[in-house]
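One structure below.
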Amino acid sequence: MLRLLSMALLLAIWWTAALFVGGAKLPSPPAVLNVIIAEASSGALFLHLGATLARVALSFVLAMSLGSAIGYLMGRVKLADRLGDPWLILLLNLPALVVIVLAYIWAGLTEAAAIAAIAINKLPTAVVTLREGTRALDRSLDEMATVFAMPRWRAFRHVVLPQLAPYIAASARSGLSLVWKIVLVAELLGRPNGVGFEIGVAFQLFDTPRLLAYSLTFAAVVLVIETALVQPFEARATRWRPRAA
Amino acid sequence: MRLEVDITGKTFESAAGGTHEVLAPIKFALQSGEVGVLIGPSGCGKSTMLRIILGLDRDFEGHIARPPEARIGMVFQEPRLLPWRSVEQNVRLAAPGIGDAKLSELFRTLELEQHRSHFPGELSLGLARRVALARAFAVEPDLLVLDEPLASLDDALAGRLRDEIASLVGSRPVMTLLVTHSIDDAIRLGDRLFFLSPRPAHIVREVPISIPRAERSEAELGRIRAELAALPLESK
């Protein structure tokens, strides 16, 4: 209820501001809604949203799986940590824009270049989070698994993975928000479709209603995915914890 | 089966630098069906010795001969259960081969039936210790290692669990190593008692108890207790 009220307040502020500023710079909510409906009925909205979501999904899965594996290795093996750490620091501090531009120069304006560039941006944070998680693993439980001669895979699945789950969930959440932001830049710079591309076009034409139409729909999709997918996963991964009072 | 322990020394480097001697030379052997009891003052290196015997710590001098196929059941000082798995899953993960009937019987004897689907975080320490015992029994071990398994349990329950351990040890040819502070547990369960010195630990005295476990009457136990009390042992 409170959330709805707060949303309504935001809408009211936007509407009032639109009245003062004028339609060219800040269109009113109905004007934006009209564009959304028009784009949706022509199918363009879904096409672009779909393209963006596919890129997010691919690069997210790529970065998460690769980053988790590397992070786990670096947490477990001291040599891997020593060797990987300088690379990690470099990647962590490399601006997203640099990675994207270089990827397009080296690999051409291709889908693979875009997805790789997005994944590389997300990769180091996944590595860092999972490395911390691996370092925090409970050694006494490892010993228990060793003494009871649990096979490697069973020990990993039942002893290690549940301890890493909160770290994976945290990394997924922060990673998703990072990928949402970067994917648009990658699309703006070198893809012929997607929400980022549309926003680029709208920028060139100074078409504010179109710009807002695309960004708001995109934000709504992000919100739905966060609440429908990421939060339930987190809740499930931590269900064994005694509830906080 | 036979467990031979021949540790010639174990040192460890503390975070502040400097080496500390934890174990002095220790040598003993244990046969199937025998219960060896380690009794020593707190911090004398008993747990270190157990870790070496279990193969968790390979950084020591000496040699441990343990049949490689020997199944190990261990009750750690803390229960060491997986908090994210139910009681039943905790036991089944350690002993995947256990049958339903056997598991039910085990849970019945340890009075854990109502707790099968609970998570360890929902259990009291006493209950968690019983789950740890169930897990160790469930693997049908050849080598059973018990690190103060009855600490912090009430007398009645400790007595029942002690009987459980005794009947398990009697029913199968298992080598058992028990660490305890309780002379009472030691003389009720043990075949051979090893009294350890303070750190660096070595065996001060080995006391065999020749009467079979099942035939030790209260009178005999009292006599053994009196004999032990007369011995000049620093670790009692």
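Does residue A:236 qualify as being loosely packed, with under 12 Cβ neighbours inside 10 Å and not β-branched (Val, Ile, Thr)?
Against the criterion (loosely packed, with under 12 Cβ neighbours inside 10 Å and not β-branched (Val, Ile, Thr)), residue A:236 qualifies.
Select, from B:161, B:196, B:221, the only residue that is within 13 Å of the chain's Cα centre (by Cα) and surrounded by 14 or more Cβ atoms within 10 Å (Cβ to Cβ). I'd like the intermediate steps shown before the answer.
Working: B:196 fails: within 13 Å of the chain's Cα centre (by Cα); B:221 fails: within 13 Å of the chain's Cα centre (by Cα).
Of the residues listed, the single one that is within 13 Å of the chain's Cα centre (by Cα) and surrounded by 14 or more Cβ atoms within 10 Å (Cβ to Cβ) is B:161.
Within the range A:168-176, identify whether any single residue is modelled with pLDDT of 90 or more, under 18 Å from residue A:237 (Cβ atoms) and either touching a His at 6+ places or on another chain (Cβ under 6 Å) or more than 14 Å from chain B (Cβ to nearest Cβ) (or both), and answer yes or no.
Yes, that holds for at least one residue.
If I ask for residues that are assigned to a loop (DSSP other than H, G, I, E, B) and touching a residue at least 60 places away in the same chain (Cβ under 8 Å), which ones from the range B:43-68 would you list?
Matches in the range B:43-68: B:43, B:44, B:45, B:54, B:66, B:67.
Is it true that some residue in the range A:145-154 is over 18 Å from the mean Cα position of the chain (by Cα), within 14 Å of another protein chain (Cβ to nearest Cβ) and polar (S, T, N, Q)? Lay out the reasoning, then the answer.
We begin by selecting, within the range A:145-154, every residue over 18 Å from the mean Cα position of the chain (by Cα); these are A:145-154.
Now narrow it down to the ones that are within 14 Å of another protein chain (Cβ to nearest Cβ): A:145-154.
Checking the rest, the ones that are also polar (S, T, N, Q) come to A:146.
The answer is yes, given that some residue of the range A:145-154 is over 18 Å from the mean Cα position of the chain (by Cα), within 14 Å of another protein chain (Cβ to nearest Cβ) and polar (S, T, N, Q).
Modelled with pLDDT under 90, β-branched (Val, Ile, Thr) and in contact with a Ser or Thr (Cβ under 7 Å, 6 or more places away or on another chain) - does that describe any residue in the range B:43-52?
no
Sort out for me the helices (runs of 4 or more DSSP H) sitting completely within the range A:25-112 that have 3 or more residues that are under 21 Å from residue A:203 (Cα atoms).
A:29-42, A:44-76, A:96-107
With the requirement that a residue be of a type in the set (Val, Ile, Thr) and within 16 Å of the chain's Cα centre (by Cα), what does the range B:37-74 give you?
Taking the range B:37-74 and keeping what is of a type in the set (Val, Ile, Thr), we get B:37, B:39, B:48, B:52-53, B:64, B:72.
Across the range B:37-74, the qualifying residues are B:37, B:39, B:48, B:52, B:53, B:72.
Condition first: within 30 Å of residue A:164 (Cβ to Cβ), assigned to a helix (DSSP H, G or I) and of a type outside the set (A, V, I, L, M). Now tell me which residues in the range A:193-241 satisfy that.
A:226, A:227, A:231, A:232, A:233, A:234, A:236
Of the residues B:58, B:71, B:2, B:80, which is within 10 Å of another protein chain (Cβ to nearest Cβ), among the basic types (Lys, Arg), within 23 Å of residue B:142 (Cβ to Cβ) and surrounded by fewer than 18 Cβ atoms within 10 Å (Cβ to Cβ)?
Exactly one residue qualifies, and that residue is B:71.
Go through the range A:126-144 and count every residue that is at the interface with chain B (Cβ under 7 Å from one of its Cβ atoms) and either among the small types (Gly, Ala, Ser) or in contact (Cβ under 8 Å) with a residue 60 or more places away in the chain (or both).
So the count comes out to 1.
To keep it simple, each residue is scored yes or no on (1) among the aliphatic types (A, V, I, L, M); (2) within 18 Å of residue A:141 (Cβ to Cβ); (3) buried (at least 21 other Cβ atoms within 10 Å of the Cβ).
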| position | (1), (2), (3) |
| --- | --- |
| B:96 | no, yes, no |
| B:145 | yes, yes, yes |
| B:148 | no, no, no |
| B:153 | yes, no, no |
| B:157 | yes, no, no |
| B:181 | no, no, no |
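Among the residues of the range B:32-54, write down those that are under 19 Å from residue B:21 (Cα atoms) and within 14 Å of chain A (Cβ to nearest Cβ).
Answer for the range B:32-54, where residues must be under 19 Å from residue B:21 (Cα atoms) and within 14 Å of chain A (Cβ to nearest Cβ): B:47, B:48, B:50, B:51, B:52, B:53.
Restricting to the range A:28-60, count the residues that are under 29 Å from the mean Cα position of the chain (by Cα) and farther than 20 Å from residue A:191 by Cβ.
10
Considering only residues that are surrounded by fewer than 21 Cβ atoms within 10 Å (Cβ to Cβ) and in a loop (DSSP other than H, G, I, E, B), which ones fall in the range B:83-94?
The answer is B:83, B:85, B:86.
Which pairs do you get when a residue that is aromatic (Phe, Trp, Tyr), found in the range A:171-193, comes within reach of a residue that is at pLDDT below 90 and part of a helix (DSSP H, G or I), reach meaning Cβ atoms under 6 angstrom, with the pair 6+ apart or on two chains?
Taking only residues 6 or more apart or on different chains, the pairs are A:180/A:222.
I'd like the full set of residues that are part of a helix (DSSP H, G or I), away from every other protein chain (no Cβ under 14 Å) and either modelled with pLDDT of 90 or more or crowded, with 20+ Cβ neighbours inside 10 Å (or both), limited to the range B:109-126.
The answer is B:113, B:114, B:115.
Criterion first (within 14 Å of the chain's Cα centre (by Cα) and either in a strand (DSSP E or B) or more than 25 Å from residue B:226 (Cα to Cα) (or both)) does residue B:135 satisfy it?
Considered against the rule, which asks whether it is within 14 Å of the chain's Cα centre (by Cα) and either in a strand (DSSP E or B) or more than 25 Å from residue B:226 (Cα to Cα) (or both), residue B:135 comes out as yes.
So in the range B:93-108, with the set limited to residues that are within 12 Å of chain A (Cβ to nearest Cβ) and in contact (Cβ under 8 Å) with a residue 24 or more places away in the chain, which one is nearest to residue B:47 (Cα to Cα)?
Restricting to residues being within 12 Å of chain A (Cβ to nearest Cβ) and in contact (Cβ under 8 Å) with a residue 24 or more places away in the chain, the top hit is B:94.
The values are calculated or read from the model by the stated rules, or taken from the named source; none is laboratory data. Since this is a predicted model, take the numbers as computed values, not measurements. Ideal geometry is used to build each Cβ from the backbone, glycine not excepted, and the neighbour counts take in all protein chains shown.
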